[in-house]
Structures are given as C-alpha cells and as structure tokens.
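J.: Input: one structure, supplied below.
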Amino acid sequence: MNRILIDLQHITKSFDGQMVLDDLNLYIRENEFLTLLGPSGCGKTTTLRILGGFETPDQGKVIFDDRDITNLPPNKRQLNTVFQKYALFTHMTIAENIAFGLKIRNKSKAYIEDKIKYALKLVNLEGFEKRSPDSLSGGQQQRIAIARAIVNEPKVLLLDEPLGALDLKLRQDMQYELIRLKNELGITFIYVTHDQEEALTMSDTIVVMNQGYIQQIGSPEKIYNEPENAFVADFIGDSNIIGATMIQDKLVEILGIRFPCVDTGFGTDRPVDAVIRPEDVILSSPDKGRMEGVVTHLIFKGVHYEMEVTANGYEWLVHSTGMFPVGTRVGLDVDPFNIQIMNKPASEDEEAVKTDE
C-alpha cells in the first residue's frame, strides 16, 4: 500500500455565505489516480483549487508530504494543474509553451531542449516543436497542456475536467493516454469530472461528492456494485431504486414479491431501498420469473438492448443482449447477489449528506 501523500483535514469553504465544502476530510496516496466525481456545484473543483493553491480554505489544513502547505502560493507547490481550457499561449510555438515553466526556473538551454523532446514523445507529438497552438486539434492542444505540466516534474498532476471539450472518440483515446502516462511517470493524478463513465474507466479510487459532502469513497467496482446511498446509486450508472421491506436477514419484499438477497443487519419488517442495476434484471418466459411484466419500450444501444418493463406497477429499466419486442409478456427475476439493500433516508435532504460512520 502506497504511503499517504496528501491529507486534507477538516476543510471548510464558503462563497458569499454559501457553504461549498463542509468539514471535508480526504487523503490521497502516492501514485494514485483519484477522481473527484459529482454534479455541478458539489464542491469538486473547489477542492482541486484548494489543493492547487488557487483558493484558501476558511478552515482546515492541506498537508502535502507531511508539510502544511495551506497558505503556500501555487508556484511554490509540487503540483501542476491542467484546466479544461488549455490556456496555451497562442503567440508562442509548442516548444516555447512547454518550456515556459522551465525558463522561469532558470533551467539551462540543453536541459530545456531535452525536456521538450521527452515530453512530446510521452504525449505522442514528436516533431511538433515549431507548430503554433492554433494549428492543432483540441486533442493535440490538450496533450500539449499535459506535456507542459509534466516537464516541471510535479509530484501531483491536478486535472480539472480536461477532456470536457473533446468529442467522444477523442475523449476515450485521451483516457487511455492518461492511464498510460500515470503508469509511466509514477505521478499522483487527481482528476475532476462529472462524467461517471470517465471516472469508472480511469480511476484507482473514486470520491463521490454532493452538496459539499463526500458521499462515498472506493474503487470503481465498489462504487458501482455497492453504492452506500440512493444518490450514489442513481449518479453512478443507471439503477432501479425501489422502496422495499426487509422481511428478515437475507429476505426482502419488493413490490409485493419476496426475493432472497445476501444483506443482513437491517432488522425485521423494516422499510429499505433496494437497488438493482438494469443489467442484473433477468428476463425469461412469463412462467419462469418471480414476477411477470410486459415490455413497454425498446431501444437498441449497440452492445445491448435497453428496455422498459412494467411489472407490479413499476417501470423497470432492463439492459439485455436478448431482444424482447414491445408488448411481449416476460418473466422477471434477480440473482440474490445483485440486490443491494440500503437504509431509507429519513428526509428528502438526508441522501445528499454523508451520514455519520
């Protein structure tokens, strides 16, 4: 297990009296690819800006490599930030853009030239030294912005929605590039996005945020398969979130039908929420399912069919490689391991707030 490199302790931040981060605690390990994921306004970019030194917290400390850097300016931190707007200097060549930070640090000409070649090779843009930023595509400009950050040899690279302006194919290509760079360079990556697929694809660890609170921290698999609350379940991929009753350990009643499950410790006859992913709903002939329904919508998504199935008064979202035409009567079942039970929030607001652990 890698050592802790960054420790955010009790970080609080408000803007114009509005709380953006409320007592946030988070540590980041060396050589980790950690993603801050959440909707607009959840506090993820503010967290990144506090890390980069562009904002100062109202309360709390930023500890970096066992040193308090809370009030240190950005240029004194061993961190580099890559923004969504690439902020390349259009009046400079690519080589001059990459060399900018090195020149400020009075590095020798030979050192700078070596670093430019090394960085361009890393981002697969060798031979682009004399080009101007305006002559490059969005993906190429983004790679130059990353190269400019890499040559400064930061211990941490902060990336604020850096792929947001790219088209889908280019974005996917850049995701693989970033994973490759992280593995080659041994740099800690802290990545901000609202794109769930991006977070699941690239991250070692995902931090799901909402309304200034951390909702859940875990591996992509853990976040997806074992969401801790309805917000996480709903935000990470598609889900059927259904009000249910926990009859006893390992038995839950969903829409009037009893399903075996693997969860325990929720009590007896307790109201709960059951989370079932669309790909975990098993469709069969009507006589073979635990529940019977009818297909009401059908869309072909390339890899699978997306269907809506009305069963016991609920519109189930179903993903399946098998195609069931609209109007087909089907049986519906779920494997016990694929039913995730969660406590019901006591109020409308509770699911947006991290409960005490």
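The values are calculated or read from the model by the stated rules, or taken from the named source; none is laboratory data. Just so it is clear, the model here is predicted, and its values are computed rather than measured. Glycine gets a Cβ as well: all are built from the backbone with ideal geometry, and neighbour counts include every protein chain shown. For accessibility, only protein heavy atoms count, side chains too; no ligands or nucleic acids. Shrake-Rupley method; radii C 1.70, N 1.55, O 1.52, S 1.80 Å.
J.: Please report, in cubic angstrom per residue, the volume enclosed by the convex hull of the alpha-carbon atoms of the stretch 151-283. Could you put the intermediate results ahead of the total?
T.: Working: hull volume 20.8 nm³, N = 133.
Looking at the stretch 151-283, the number lands at 156 Å³ per residue.
J.: Give me the aspartates and glutamates in straight-line cross-link reach of LYS13: C-alpha distance below 19 Å, same-chain residues under 8 apart excluded.
T.: ASP22, ASP23, GLU55, ASP58, ASP68, ASP160
J.: Can you flag which of LYS61/LYS121; LYS103/LYS182; LYS117/LYS155; LYS44/LYS76 are past 28 Å Cα-Cα?
T.: Working: LYS61/LYS121 37 Å; LYS103/LYS182 25 Å; LYS117/LYS155 20 Å; LYS44/LYS76 22 Å.
Flagged as over cut-off: LYS61/LYS121.
J.: Multiply the residue gap between GLU153 and LEU72 by 0.36 nm, knock off their C-alpha separation, and tell me the result in nm, one decimal place.
T.: Numbers: separation 81, 0.36 × 81 = 29.16 nm, distance 1.84 nm.
Once the chain is fully extended between GLU153 and LEU72, it gains 27.3 nm.
J.: Modelled label-to-label distance, ILE179 and MET92, 7 Å Cα→beta-carbon offset: nm?
T.: Taking the simple label geometry, ILE179 and MET92 are separated by 3.2 nm.
J.: Give me the percent of accessible area attributable to carbon and sulfur for the stretch 60-111, probe 1.4 angstrom. Let's see the in-between values first.
T.: Numbers: 1720 of 3240 Å².
Carbon and sulfur: 53 percent of the exposed surface of the stretch 60-111.
J.: Still on this model: Can you figure out the FRET efficiency of ASN31 with ARG329, using R₀ = 51 Å and their beta-carbon distance, to the nearest 0.05? Please list the in-between numbers first.
T.: Working: r = 53 Å, r/R0 = 1.04.
Given R0 = 51 Å and the Cβ-Cβ separation, E is 0.45.
J.: Give me the compactness ratio for the stretch 207-276, meaning the Cα radius of gyration over 2.2 N^0.38 Å. Display every interim value, and only then the final one.
T.: Working: Rg = 13.1 Å, N = 70, 2.2 N^0.38 = 11.1 Å.
In units of the globular-protein estimate, the stretch 207-276 measures up at 1.19.
J.: So between SER135 and LEU170, what do we pick up on full extension, going 0.36 nm a residue minus the alpha carbon distance? Let's see the in-between values first.
T.: On the way: separation 35, 0.36 × 35 = 12.60 nm, distance 1.71 nm.
Full extension of this stretch gives 10.9 nm more.
J.: Right, another one. If Rh is defined by the Kirkwood formula over all Cα pairs and Rg also comes from Cα, what ratio Rg/Rh do you get for the stretch 79-163?
T.: Numbers: Rg = 11.7 Å, Rh = 12.7 Å.
So for the stretch 79-163, dividing Rg by the Kirkwood Rh gives 0.93.
J.: Now, a different point. What whole number of Å gives the distance from the Cα centroid of the stretch 277-316 to the Cα centroid of the stretch 199-222?
T.: The stretch 199-222 and the stretch 277-316 have Cα centres spaced 29 Å from each other.
J.: Please give the charge dipole size of the stretch 100-154, origin at the Cα centre, charges +1 on K and R Cβ atoms and -1 on D and E Cβ atoms. Round to the nearest 20 debye. Can you show the working numbers first?
T.: On the way: 11 positive and 6 negative charges, 32 e Å.
The dipole of the stretch 100-154 has a size of about 160 debye.
J.: Based on the Cβ-Cβ distance of GLU306 and ASP234, what FRET efficiency does E = 1/(1 + (r/R0)^6) give at R0 = 25 Å, to the nearest 0.05? Write out the running numbers ahead of the final one.
T.: Working: r = 17 Å, r/R0 = 0.67.
The formula returns an efficiency of 0.90 here.
J.: Express the accessible area of the chain per residue in Å², computed with a 1.4 Å probe while the remaining protein chains stay in the model. Mind dumping the intermediate values first?
T.: Numbers: 17410 Å² over 357 residues.
On a per-residue basis, 49 Å².
J.: Same structure again: Using a 1.4 Å probe over the heavy atoms of the protein chains, calculate the carbon and sulfur portion of the accessible area of the stretch 166-301 as a whole percent.
T.: Numbers: 2880 of 6060 Å².
For the stretch 166-301, the apolar C and S fraction of the accessible surface comes to 47 percent.
J.: Let me ask you something else. Regarding the chain, what are the three Cα extents along the principal axes, ordered largest first, in Å?
T.: Its Cα atoms span 77, 45, 39 Å along the three principal axes.
J.: Provide the per-residue ³J(HN,Hα) series for the stretch 244-260, in order, calculated from phi with Karplus coefficients 6.51, -1.76, 1.60 and θ = phi - 60°, each as a whole number of Hz, with x at glycine and proline positions.
T.: 9, 10, 7, 5, 6, 3, 6, 8, 10, 9, 10, 6, x, 10, 8, 10, x
J.: At a threshold of 8 angstrom on Cα-Cα distance, excluding pairs fewer than six apart, so keeping six or more, what relative contact order does the chain reach in percent?
T.: On the way: 734 pairs, mean separation 54.1, N = 357.
Answer for the chain is 15 percent.
J.: Considering only DSSP beta bridges where both residues belong to the chain, give the percentage that are antiparallel (nearest 5). Mind dumping the intermediate values first?
T.: On the way: 61 of 79 bridges.
Once the DSSP bridges in the chain are tallied, antiparallel ones form about 75 percent.
J.: Kirkwood Rh, the stretch 1-120, all Cα pairs: how many Å?
T.: Values: mean 1/r = 0.0605 Å⁻¹.
It is 16.5 Å.
J.: To continue, here is another question. Quick one: dipole size for the chain, taken about the Cα centre, charges +1 on Lys/Arg Cβ and -1 on Asp/Glu Cβ, in debye to the nearest 20. The partial results should precede the final answer.
T.: Values: 37 positive and 53 negative charges, 392 e Å.
For this selection, approximately 1880 debye.
J.: For the stretch 109-212, run through the GluC sites (Glu not before Pro) and keep only the ones in DSSP coil with at most 14 other Cβ atoms within 10 Å of their Cβ.
T.: Details: sites: GLU113, GLU126, GLU129, GLU177, GLU184, GLU197, GLU198; in loops: GLU126, GLU129.
Those satisfying the criteria are GLU126.
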